[in-house]
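What follows is a set of notes on a single structure, which appears directly below.
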Amino acid sequence: MEIIIGILVVYTSVLIILFIFQRNLMYHPQENNYFGDKLEVKVQKVQIKTSDNLNLLGWFHKKDLKKFKTIVYFHGNAGNLENRIHKLNHFKEMDVNFLIISWRGFSGNSGKPSEQGLYKDGKSAIDWLKKMGLVEKDIILYGESLGTGIATEISQNNNFAGLVLETPFTSMIEAAKNFYPYIPVSLLLKDKYDNHNKIKNINIPVLVMHGEVDQIVPFWMGQKIYEMANQPKYSYFTKSDDHMMVYDEKLVLALKKFIESLN
């Protein structure tokens, strides 16, 4: 009996710790895998004001707002804008403008990340572009990993030009279960990002990209999101890519073809 009680005390203590510090486990603004890539596209550093009066750092590349679509890039749960330079450099090969923002609590931004907070951040980026005269049909939403949760949320029942989901998860609950199979994450989790319940509410062209050896978001999640998505939908699935997909010629070509199909 004492052993059982001891196990229950330890287990309960673990649950309490996980509940209290769960956002520290989910969001990693200090993580940095930046390898010194040089930005090959001209960007303007901008400040995006959110609906709750936070200022977010953004990089804005304006090629031709009237002629070309504008990508709004929502990054993942770790690192800063510099960590995406290797991807942004490829956008110079495409006829697009782009805006990438850093989440609250990232890149020196004030505030703390949360599901509802990041939704506000994403919507504020869209509003910033609309003040420049853009409409939804001018905008392509691009979500990377955690960013797919924000891109999916904002795309619901709206008329954007298109949606790109790179390594999407079905829901944060299912993703967390993959790491914590013996924890009742559905009861403890605050930020759920229910992509699989929202994808059916999206009626714009969707491109889903995922690698089969992803060790963080299992490949089957990307497959499921693709299967549940409405037409028109496209996929770029690879045998060798891990969670951070390789921006090689094949991926860039798939992305270019998708963007060109939206014109």
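The values are calculated or read from the model by the stated rules, or taken from the named source; none is laboratory data. Only a predicted model underlies this, so the values are computations on that prediction, with no experimental measurement involved. In this analysis, Cβ positions are derived from the backbone assuming ideal geometry, glycine residues included, and neighbour counts consider all displayed protein chains.
Return yes when residue 263 is surrounded by fewer than 17 Cβ atoms within 10 Å (Cβ to Cβ) and either touching a Cys at 6+ places or on another chain (Cβ under 6 Å) or farther than 27 Å from residue 93 by Cβ (or both) and no when it is not.
no
List every residue pair whose Cβ atoms lie under 7 Å apart, where the two residues are 6 or more positions apart in sequence or sit on different chains, the first residue falls within region 230-252 and is of a type in the set (Asp, Glu), and the second residue, located anywhere, is at pLDDT below 95 and surrounded by fewer than 14 Cβ atoms within 10 Å (Cβ to Cβ).
242/215
Looking at 133, 111, 122, can you tell me which residue is over 19 Å from residue 259 (Cα atoms) and assigned to a helix (DSSP H, G or I)?
122
Filter region 66-103 down to the residues that are within 14 Å of the chain's Cα centre (by Cα), crowded, with 20+ Cβ neighbours inside 10 Å and either assigned to a loop (DSSP other than H, G, I, E, B) or modelled with pLDDT of 95 or more (or both) and list them by number.
Residues satisfying the conditions are 71, 72, 73, 74, 75, 76, 77, 99, 100, 101, 102, 103.
Checking the structure you have, find out if any residue of region 209-221 is crowded, with 20+ Cβ neighbours inside 10 Å, touching a helix residue (DSSP H, G or I) at 6+ places or on another chain (Cβ under 8 Å), in a loop (DSSP other than H, G, I, E, B) and of a type in the set (Val, Ile, Thr).
So far as region 209-221 goes, yes, one or more of its residues are crowded, with 20+ Cβ neighbours inside 10 Å, touching a helix residue (DSSP H, G or I) at 6+ places or on another chain (Cβ under 8 Å), in a loop (DSSP other than H, G, I, E, B) and of a type in the set (Val, Ile, Thr).
Would you mention how many residues in region 33-54 are surrounded by 14 or more Cβ atoms within 10 Å (Cβ to Cβ) and in a strand (DSSP E or B)?
So the count comes out to 2.
How about region 222-246: which of its residues are part of a loop (DSSP other than H, G, I, E, B), within 17 Å of residue 169 (Cβ to Cβ) and either of a type outside the set (A, V, I, L, M) or at pLDDT 95 or above (or both)?
229, 241, 242, 243, listed by residue number.
Name every residue in region 55-65 that is part of a strand (DSSP E or B), without any contact (Cβ under 8 Å) to a residue 60 or more places away in the chain and out of contact with any Phe, Trp or Tyr (no Cβ under 7 Å at 6 or more places or on another chain), in order of residue number.
The answer is 55, 57, 59, 60.
Is it the case that residue 107 is hydroxyl-bearing (Ser, Thr, Tyr) and out of contact with any Pro (no Cβ under 8 Å at 6 or more places or on another chain)?
no
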